[in-house]
Amino acid sequence: MTNMGEKAPFASNPFIKTIATNLAQVEDRIQAACRSAGRRREEVAIVAVTKGRSPAEMAGAFRCGLQALGENRIEELEAKRPILEADIAPGRPEWHVIGHVQSRKAERVAASADLIHSVDSVRLAERLERAAATGGRRLPVLLQVNVSGEASKSGFAAQTPADREALLEIIETLRGLPHLDIEGLMTIAPLTPESGLVRDVFRRTRMLLEHIREIFPDREWAVLSMGMSGDFELAIEEGATLIRVGRALFEPLLRRGDTA
Ligand SMILES: *Cc1c(COP(=O)(O)O)cnc(C)c1O
């Protein structure tokens, strides 16, 4: 039986084999982490991070069931989007913006993103609010936080008790922006082989989310975006609900424990 207009996905996309193999390994790792943490598999979702990947690789990922795609740069997202969406039509990915967003690009990001992980300033949030209001839609966002004080990381400072008090004030302000749905927090762990440090960052981010949930119980605060190819087991064990995975899905021979 043929279906007019439908592409033969597994024959036509040269990346599917690698991605499917990698995804099976990622899936095993996720399940092992869920088991060790006593969590249910359904509590953890994957964002396939596609920065630097071609539209054909992205189509391969989509056809393997990875429907949430994460990009760092709006220019790259905008360039690849029409090519990918033509390839997978009538399917449509969920677009996640995971990198730092310059305020002057807020309009473009608001127009494309289904979830922005990386809101890291009041100024950006206000620009996104205006763009969402103009577009007549609500915009789901996460607040990126930096609990480690690493200077290289963007995100709202959340290392010291004073930082965290200030963050609560900021959240109070952001709650007044009617078109932004603040769904949770995102963090990036330091790039270090010391897993104890990484785990500590994830744990402190989860505790911060729990604290925020107590202070502002009128929202769910359901999303905790943390964990990448090299550290997502730790993130899952510490409560991640969304992991952002690039290399482990797209690179042919990456094995656990490899670092960038
Ligand atoms: C690149 C990137 C990832 C994915 O990293 P991998 O090591 O390739 O899994 C996740 N989150 C952010 C913010 C990124 O920039």
* **Burial ranking of peptide ranges 155-166, 42-53 (average Cβ count within 10 Å, highest at the top)** => 42-53, 155-166
* With charges set only on the Cβ (+1 for Lys and Arg, -1 for Asp and Glu), what does the dipole of the stretch 10-250 come to about its Cα centre, in debye to the nearest 20? -> 500
* **Rounded Å value of the spacing that divides the Cα centres of the stretch 161-222 and the stretch 58-98** => 27
* To do: Find the relative contact order for the chain and round it to a whole percent, using C-alpha pairs within less than 8 Å whose residues are 6+ positions apart.
  => 19
* Asked: For the chain, what number of Lys pairs, 8 or more residues apart or on separate chains, have alpha-carbon atoms under 20 Å from each other?
  -> 8
* Asked: What part of the accessible area of the stretch 10-250, given as a whole %, is carbon or sulfur when the probe is 1.4 angstrom?
  -> 53
* Using Cα atoms only, what is the angle between the long axis of helix 74-88 and the major principal axis of the chain, expressed in degrees (0 to 90) to the nearest 10? -> 40
* **Degrees, to the nearest 10: 16-37 long Cα axis against longest axis of the chain** => 40
* Structure fact -> Once amide hydrogens are built 1.01 Å from N within the peptide plane, the residues lying 5 or more places from Ala68 or on another chain with amide H under 5 Å from its amide H are Ala48, Glu94
* **Gain upon complete extension [Ala89, Ser112; 0.36 nm per residue less C-alpha separation]** => 6.6 nm
* Please work out the FRET efficiency for the pair Ala133 and Ser54, using the Cβ-Cβ distance as r and a Förster radius of 45 Å; give the result to the nearest 0.05. => 0.80
* **For the chain, accessible area per residue (1.4 Å probe, heavy atoms of protein chains only), Å²** => 48
* Find which of Leu84, Ile243, Gly196 sits farthest along the positive direction of the dipole of the chain, computed with +1 on the beta-carbon of Lys and Arg, -1 on that of Asp and Glu, about the Cα centre. => Leu84
* Asked: Based solely on its DSSP helices, what 222 nm [θ] is calculated for the chain when runs of n ≥ 4 H residues each add -39,500 (n - 2.57) and the sum is averaged over all residues, nearest 500 deg cm²/dmol?
  -> -13500 deg cm²/dmol
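The values are calculated or read from the model by the stated rules, or taken from the named source; none is laboratory data. Since we're looking at a predicted model, the values are computed, not measured. No Cβ is skipped: glycine too gets one built from the backbone with ideal geometry, and neighbour counts run over all protein chains shown. SASA here: full protein model, heavy atoms, side chains in, ligands and nucleic acids out. Shrake-Rupley method; radii C 1.70, N 1.55, O 1.52, S 1.80 Å.
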